[in-house]
Amino acid sequence: MSLLEVRGIDVFYGNVQAIREVSFDVAGGEIVTVIGANGAGKSTTLKTLAGLMKPRKGTILFGGKDVTGLAPFDLVELGLVLIPEARQLWPGMTVLENLELGAYGKRARRERAGTLETVFGMFPRLRERLRQNAGTLSGGEQQMCAIGRGLMARPKLLLLDEPALGLAPMLVREVFKSLRTIRDQGVTVVLVEQNVSHALAIADRAFVLETGRVTLSGPARELARDRRVKDSYLGFASA
Amino acid sequence: MQELREVLLNTLLAAGLYATMSYGLAVIYGVMRIINLAHAGLMMLAAYVTFALYTRYEMDPFLSLVVVIPLFFLLGVLLHRFVVRRLPRTTGTPTMQSLLLLFGVWLVLQNLAYALWTGDTQSILTPYTLKSVTLLGVRVGVPNLLVFGVSALSLLALNFVLKRTYLGRAIRAVTQNRDAALLSGIDADRLSAITFGAGTAFAAIAGTSLSTLYAFTPDFGRSFLLKAFCIIVLGGMESFTGVAAGALVLAFLENALAAWTPIPTSFQDAISFTLLVLVLVAVPQGLPGIARKVARWRASS
Ligand SMILES: Nc1ncnc2c1ncn2[C@@H]1O[C@H](COP(=O)(O)OP(=O)(O)OP(=O)(O)O)[C@@H](O)[C@H]1O
Ligand SMILES: [Mg+2]
């Protein structure tokens, strides 16, 4: 059974439709990546899954349960967690406070101390910066803090919106490596990433969004060889 | 020297109350992006409730806080549940609807007070109302000292909650980035209700305090709301120290101008109003903006 089933959702900003009839599945334990040009609707899709936006039509099933229209905090409690675009840390709070608040939900709060150790194991740099305000971290450290905060919520399904945006190549590799580790610990991952060749390399499956519709989907390895994907999304990335 | 000591001590005493009054507005603004115009009405109502408890049950006004604080917390939660929550969500600047709605709440509270207590001027006269003590060579009123004590305790308690508890950190998180807070599993609606309750309780603490210092009518509170606006514009809405600094600056200006210039104390409201306009025109970022500029200037030289 799929962990996540999205069935024909339509999402609007006011009267402007951003997502049309989008359907896809995510199985437990896999990494799925969403590919698409700027404005294709990738972030909107993730925001809708996380409950920040409500679909006007369609249903979303998580673990077999209808979660369409639930509030974000309900979804977090169920284990569906989004790490949003541009990190969105609380700049005036310390790294530790950011991480601890990630475990705000009842379920996550019980396991807080243990999760914190796991996060430090993955990003030792964060341990050195614990008392520093998150707003004063470097871009890479901020991204680690954002991923760490997401993990503190003990997700079953982790959604990431462009986690490598604006990072130096070495840090990009580090972030992608951490996603593998996260998956290996049993967390299912949905990844939106401009860096398409990297994303396809670590993903099991992928689908392509074009102006709010799913136009292609399949195993990541196959999509990486697909003509249309190569022409539209891999051209400049591999150059 | 004596005069300077007097000005400084009076500044400190007044600033405590001013800060208490302003934090109620600031926490609500931070979490909900709403300017609570009903704040003045709530201060006025608290003054009357304190008055009623004193005349009916001979309850000491400062002791009556034990009743007033939970009562107004509950009132705030109910106000949020049945009135404020119906407003459309906003993440940016406060909407016209929210301003009008809360202004309406203020008018309702005013008329309620007229109906219950008429428009006559009331005051609370306790055995210690007119007493004073000498502190560091300065004579200060006993009620002023008690008010300062209450303010200091309230501010310490608020600071503790905001810094050390999960609830308080969640409040700061919603203030700094609402979406991120939602995505971390924080129930912003429940948190808003609690915050509105807390803001209302702070209005009540200020109202009870004021009732021991001044006479009041149902119109009471307007000039204090203006002072609170002035402090918040000066200190910024989002930082604890900013509001404290704003309160100190306003209190100092009032006391200093009264002591060292021929401006009569009846012009006190004009001081906060002038300051409000000046700050808005000259340094719209307030004290935090000035601090940032100074830091940048020092870093570059
Ligand atoms: N807040 C908003 N209000 C109105 N329209 C929006 C808003 N956010 C996004 N849109 C529109 O919705 C469509 C999808 O945007 P979305 O942010 O989901 O794209 P994206 O695929 O994440 O793009 P990018 O790669 O640039 O991040 C775009 O046409 C965009 O202009
Ligand atoms: Mg996007």
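The values are calculated or read from the model by the stated rules, or taken from the named source; none is laboratory data. Computed from a predicted structure; not experimentally measured. Counting neighbours? That spans all protein chains shown, and the Cβs are built from the backbone with ideal geometry, glycine included. The protein model used for the area step is the full one, side chains on, heavy atoms only, and it has no ligands, DNA or RNA in it. Shrake-Rupley method; radii C 1.70, N 1.55, O 1.52, S 1.80 Å.
Considering only residues of region A:210-224 that are of a type outside the set (Ser, Thr, Tyr) and within 13 Å of ligand 1 (Cβ to nearest atom), which is least open to solvent (accessible area, probe 1.4 Å)?
Taking region A:210-224 first, the residues of a type outside the set (Ser, Thr, Tyr) are A:210, A:212-214, A:216, A:218-224.
Add one more test, that the residue is within 13 Å of ligand 1 (Cβ to nearest atom), and what stays is A:210, A:212-214.
Details: A:210: 85, A:212: 0, A:213: 117, A:214: 50 Å².
Across region A:210-224, the extreme among qualifying residues is A:212.
Given A:81, A:34, A:26, which one is within 16 Å of ligand 2 (Cβ to nearest atom), at pLDDT 95 or above and closer than 30 Å to residue A:139 by Cβ?
Working: A:81 fails: within 16 Å of ligand 2 (Cβ to nearest atom); A:26 fails: within 16 Å of ligand 2 (Cβ to nearest atom).
Testing whether each residue is within 16 Å of ligand 2 (Cβ to nearest atom), at pLDDT 95 or above and closer than 30 Å to residue A:139 by Cβ leaves just A:34.
Quick grid of which residues meet (1) within 16 Å of ligand 1 (Cβ to nearest atom); (2) in contact with a Lys or Arg (Cβ under 6 Å, 6 or more places away or on another chain); (3) of a type in the set (D, E, K, R); (4) within 14 Å of chain B (Cβ to nearest Cβ):
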site	(1), (2), (3), (4)
A:3	no, no, no, no
A:7	no, no, yes, no
A:11	yes, no, no, no
A:16	yes, no, no, no
A:40	yes, no, no, no
A:53	yes, yes, no, yes
A:67	no, no, no, no
A:79	no, yes, no, yes
A:92	no, no, no, yes
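So, in region A:45-75, how many residues would count as being open to solvent by less than 10 Å² (accessible area, probe 1.4 Å) and in contact (Cβ under 8 Å) with a residue 24 or more places away in the chain? Show your work before the answer.
Filtering region A:45-75 down to residues open to solvent by less than 10 Å² (accessible area, probe 1.4 Å) leaves A:45-46, A:48-51, A:60, A:67, A:75.
Filter again for in contact (Cβ under 8 Å) with a residue 24 or more places away in the chain, leaving A:45-46, A:48-51, A:60, A:75.
Selection size over region A:45-75: 8.
For region A:19-38, give me the residue count where each residue is within 13 Å of ligand 1 (Cβ to nearest atom), surrounded by fewer than 22 Cβ atoms within 10 Å (Cβ to Cβ) and assigned to a strand (DSSP E or B).
Of the residues in region A:19-38, 1 are within 13 Å of ligand 1 (Cβ to nearest atom), surrounded by fewer than 22 Cβ atoms within 10 Å (Cβ to Cβ) and assigned to a strand (DSSP E or B).
For region A:220-234, give me each residue that is touching a strand residue (DSSP E or B) at 6+ places or on another chain (Cβ under 6 Å) and of a type in the set (Ser, Thr, Tyr).
Step one: list which residues in region A:220-234 are touching a strand residue (DSSP E or B) at 6+ places or on another chain (Cβ under 6 Å), which gives A:220, A:223, A:233.
If the condition is that a residue be touching a strand residue (DSSP E or B) at 6+ places or on another chain (Cβ under 6 Å) and of a type in the set (Ser, Thr, Tyr), then A:233 is the only one that fits.
Given the residues B:279, B:283, which is the only one that is open to solvent by 40 Å² or more (accessible area, probe 1.4 Å) and more than 14 Å from chain A (Cβ to nearest Cβ)?
Values: B:279 fails: open to solvent by 40 Å² or more (accessible area, probe 1.4 Å).
Of the residues listed, the single one that is open to solvent by 40 Å² or more (accessible area, probe 1.4 Å) and more than 14 Å from chain A (Cβ to nearest Cβ) is B:283.
So residue B:155 clears everything in (1) within 11 Å of chain A (Cβ to nearest Cβ); (2) open to solvent by 20 Å² or more (accessible area, probe 1.4 Å) except one condition, right? Which one?
It fails just one condition, (1).
Taking the condition of being in a helix (DSSP H, G or I) and open to solvent by less than 90 Å² (accessible area, probe 1.4 Å), how many residues in region B:115-126 meet it? Can you show your working first?
Of the residues in region B:115-126, the ones in a helix (DSSP H, G or I) are B:115-117.
Subsequent filtering for residues that are open to solvent by less than 90 Å² (accessible area, probe 1.4 Å) retains B:115, B:117.
Adding up the residues that qualify gives 2.
If you check B:4, B:87, B:42, B:78, which single one turns out to be among the hydrophobic types (A, V, I, L, M, F, W, C) and under 28 Å from residue B:257 (Cβ atoms)?
Values: B:87 fails: under 28 Å from residue B:257 (Cβ atoms); B:42 fails: under 28 Å from residue B:257 (Cβ atoms); B:78 fails: under 28 Å from residue B:257 (Cβ atoms).
Answer to the selection: B:4.
If you take the residues in region A:55-65 that are out of contact with any Gly (no Cβ under 7 Å at 6 or more places or on another chain), part of a strand (DSSP E or B) and farther than 22 Å from residue A:149 by Cβ, which one is farthest from ligand 1 (Cβ to nearest atom)? Before the answer, list the steps.
From region A:55-65, those out of contact with any Gly (no Cβ under 7 Å at 6 or more places or on another chain) are A:55-56, A:59-65; that's our starting set.
Next, only the ones that are part of a strand (DSSP E or B) stay: A:59-62, A:65.
Subsequent filtering for residues that are farther than 22 Å from residue A:149 by Cβ retains A:59-61, A:65.
On the way: A:59: 20, A:60: 16, A:61: 22, A:65: 25 Å.
Across region A:55-65, the extreme among qualifying residues is A:65.
Determine whether residue A:45 is among the polar types (S, T, N, Q), more than 14 Å from chain B (Cβ to nearest Cβ) and more than 10 Å from ligand 1 (Cβ to nearest atom).
Numbers: among the polar types (S, T, N, Q): yes; more than 14 Å from chain B (Cβ to nearest Cβ): yes; more than 10 Å from ligand 1 (Cβ to nearest atom): no.
In short, no.
Can you tell me which of B:55, B:11 is of a type outside the set (A, V, I, L, M, F, W, C) and in contact (Cβ under 8 Å) with a residue 12 or more places away in the chain?
Numbers: B:55 fails: in contact (Cβ under 8 Å) with a residue 12 or more places away in the chain.
Checking each option against the conditions leaves just B:11.
Looking at region A:81-90, which of the residues that are in a loop (DSSP other than H, G, I, E, B), at the interface with another protein chain (Cβ under 7 Å from one of its Cβ atoms) and closer than 24 Å to residue A:62 by Cβ is least open to solvent (accessible area, probe 1.4 Å)?
That would be A:84.
Restricting the search to region B:167-195, which residues are at the interface with chain A (Cβ under 7 Å from one of its Cβ atoms) and not small (Gly, Ala, Ser)? Break it down into steps so the answer makes sense when it comes.
Restricting attention to region B:167-195, the residues satisfying the condition of being at the interface with chain A (Cβ under 7 Å from one of its Cβ atoms) are B:169-170, B:172-173, B:176-177, B:179-180, B:182-187.
The answer is B:169, B:172, B:176, B:177, B:179, B:182, B:183, B:186, B:187.
Answer yes or no as to whether residue A:168 is modelled with pLDDT under 95 and open to solvent by 10 Å² or more (accessible area, probe 1.4 Å).
yes
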